Each structure stands twice: as C-alpha cells, then as structure tokens.
Amino acid sequence: MNLETGIRWMELFNEKIQNEKDYLTQLDTPIGDSDHGNNMSRGMTHVIKAIEDENPKTLNELLQLMMKNMLSKVGGASGPLYGSAFMGMMKAESSAEDWASVLKAGLETIQKRGKAEQGDKTMVDLWIAVVEAVETHQLTHELIDEAVEATQPLKAKKGRASYVGDRSIGHIDPGAYSSGLLFHAMLEAEAE
Ligand code: ADP
Ligand code: MG
C-alpha cells in the first residue's frame, strides 16, 4: 500500500458505498434503525472532498484524513468504530513491517473501542477474517463474500442489532457488509 494505491482504494470504496447505499439501508432495517447506508454515504462523500481539498502527501496523512472524517461525519455506532480502525492503522503505519500488521492494528482498535468479539455479529467478524487472510496472503473476493455471509446465521451480541435478540438471526450484519466493500475495494486498488 502506498499513497497512490490508498487514494484509489478510497475512491473505489466511495463508489461501492454510493452504489450500495440503499442495500446497506435495507440491511440495517430488520436489525437496526435504517441509517447505515446514509451514514456511510455521507462520510465517504466528505472523505472524497477532503482528499481533493487537503491533498494528502503521504499514506499516513491519508489514513489520518480517513480517521477524522469517519469520526466526525459518519455518525451512528459505525462512525467512531471506522474512525478507530483508521486511527489504529495510522498509528501502526509508520513502524509496521507489513500491511497485515497495519490492518491488525486497525482491528485491535475497533475492538478496544467497541468490545466486540468474534461471533458477536459485527464488523469485527469481517475484519478478523480479512486480517487472517492477509497475514497468510490468501485474501480473495470470494473469502470476503463468505465472511460477510457468515454473519447471517449469528445472533447479535453487540450494538443496536443485539436489541432484537433472536430476531437478528438470519440477517447479514450491515457493518460487516460495508467492511466487505472496504476490502473488495482494497483488493481492486492493489490489483491495478
Ligand atoms: P447504529 O447501530 O448506531 O445505527 P450504524 O447503523 O451506522 O450505527 O452501524 C451499525 C453497525 O455497526 C453494525 O452492523 C455493526 O457491524 C457495527 N457495530 C455496532 N456496534 C459495534 C461494536 N460494539 N463493535 C463492533 N461493531 C459494532
Ligand atoms: Mg443503524
């Protein structure tokens, strides 16, 4: 990952979020409050504008820009959690040996903030699967889709979806889906 790839990553993520905004809202309806599509769409619109306005000069500056905009513009539970992810990644980026370690630091910071464990039916499930796959150089689009799907049979233990208890079973977690888009975008950006 470098600055150029990082910017391409965020542009591709933005495209996917805007294209799938309505689907994210749909996912957040039975087990949430129907705002995840709007939250992510608003946040990524600000990110793209901030990239143009602030013209980050290093990958670290880009990660910091992501952190700030996710924290202040996304809202909901997911904004602070995505903000934490990019904060962890930014802090790790300057000294990390490889990109897997940077992503792992992102995951750890999400967990520090939100206290979700594997199997709680949150974005953490997706991040765990992705970090493991990147560590072993096995990340594929199929693996991402499978990890998103794997949240469907789970019962939510964290966040708003946990309020509906057993009725959360049978629905894909919206934050896992949007994190899936983040990593589909990462693979595409790195492939170019
Ligand atoms: P809200 O739940 O406040 O409406 P969003 O709809 O934007 O916020 O985001 C919901 C997503 O946030 C969930 O699908 C889940 O993936 C994620 N989430 C919620 N709480 C947590 C948590 N404690 N740890 C990790 N992820 C969480
Ligand atoms: Mg919501």
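Taking 0.36 nm per residue of sequence separation and subtracting the Cα-Cα distance, how much length would be gained by fully extending the chain between Lys112 and Glu4, in nm to one decimal?
Using 0.36 nm per residue and subtracting the Cα-Cα distance, I get 35.9 nm.
Taking the radius of gyration and the Kirkwood hydrodynamic radius from Cα positions alone, what is the Rg/Rh ratio for segment 101-141, to two decimal places?
0.97
Which of the trypsin sites (Lys or Arg not before Pro) found in segment 136-168 are loop residues per DSSP with 11 or fewer other Cβ atoms within 10 Å of their Cβ?
Taking segment 136-168 and a limit of 11 other Cβ atoms within 10 Å, no loop trypsin sites (Lys or Arg not before Pro) are found.
Explain nothing, just compute: Karplus ³J(HN,Hα) = 6.51 cos²θ - 1.76 cosθ + 1.60, θ = phi - 60°, for every residue of segment 77-82 in order, whole Hz, x for Gly and Pro.
6, 5, x, x, 6, 5
Could you work out the relative contact order of segment 3-58, using alpha carbon pairs under 8 angstrom and six or more residues apart, expressed as a whole percent?
Relative CO of segment 3-58 lands at 37 percent.
Among Phe183, Val164, Leu143, which residue has its Cα furthest toward the positive end of the charge dipole of segment 143-192, with +1 on Lys/Arg Cβ and -1 on Asp/Glu Cβ?
Val164
Could you calculate the FRET efficiency of Tyr23 with Asn60 from 1/(1 + (r/R0)^6), where r is the beta carbon distance between them and R0 is 25 Å, rounded to 0.05?
Result of the calculation: an efficiency of 0.20.
Averaging over every viewing direction, what projected area does the convex hull of the Cα atoms of the chain cover, in nm²?
9.4 nm²
Solvent-accessible area of Glu15, probe 1.4 Å, all protein chains present, reported in Å² to the nearest ten, please.
Probe radius 1.4 Å; accessible area of Glu15 about 90 Å².
Could you quote the convex hull projected area for segment 119-161, Cα atoms only and averaged over all directions, in nm²?
2.8 nm²
Using only alpha carbon pairs under 8 Å that are at least six residues apart, calculate the relative contact order of segment 103-192 and give it in whole percent.
30 percent
How many angstrom lie between the Cα centre of segment 87-102 and the Cα centre of segment 1-63?
For segment 87-102 versus segment 1-63, the Cα centre distance is 20 Å.
Tell me the net charge near Trp9. Cut-off is 9 Å between Cβ atoms, Trp9 excluded, with +1 for each Lys or Arg and -1 for each Asp or Glu.
Taking every Cβ under 9 Å from that of Trp9, the sum is -2.
I need the phi-derived Karplus couplings for segment 15-20: 6.51 cos²θ - 1.76 cosθ + 1.60, θ = phi - 60°, integer Hz, Gly and Pro marked x.
4, 5, 4, 5, 5, 10
Cα to Cα, under 16 Å, and not fewer than 8 places away if on the same chain: which aspartates and glutamates meet these conditions relative to Lys91?
The qualifying aspartates and glutamates are Glu61, Glu108.
So what's the net charge close to Ala133: Lys and Arg +1, Asp and Glu -1, counting the other residues with Cβ under 11 Å from its Cβ?
Taking every other residue near Ala133 into account, the sum is -4.
What net charge do the residues around Ala105 carry, taking every other residue with its C-beta under 10 Å from that of Ala105, with Lys and Arg at +1 and Asp and Glu at -1?
Summing Lys/Arg as +1 and Asp/Glu as -1 gives 0.
Over the chain, with a Gaussian network built from C-alpha contacts below 10 Å, which listed residue (Leu65, Leu139, Leu126) shows the highest mean-square fluctuation?
Highest fluctuation of the listed residues: Leu139.
Could you tell me which of the pairs Lys49/Lys112; Lys49/Lys157; Lys21/Lys155 are separated by over 26 angstrom between their Cα atoms in the structure shown?
Lys49/Lys112; Lys49/Lys157
For n ≥ 4 DSSP H runs only, could you compute -39500 (n - 2.57) per run for the chain, divide by its residues and tell me the 222 nm figure to the nearest 500?
Mean residue ellipticity, 222 nm, calculated: -21000 deg cm²/dmol.
Only four residue types carry charge here, +1 at the Cβ of Lys and Arg and -1 at the Cβ of Asp and Glu. Report the dipole size of the chain about the Cα centre in Debye, rounded to the nearest 20.
920 debye
The values are calculated or read from the model by the stated rules, or taken from the named source; none is laboratory data. Because the structure is predicted, anything quoted here is derived from the model rather than measured. Here Cβ is always computed from backbone atoms with ideal geometry, including for glycine, and neighbour counts include all displayed protein chains. The accessibility values were calculated without ligands, DNA or RNA, using every heavy atom of the protein model including side chains. Shrake-Rupley method; radii C 1.70, N 1.55, O 1.52, S 1.80 Å.
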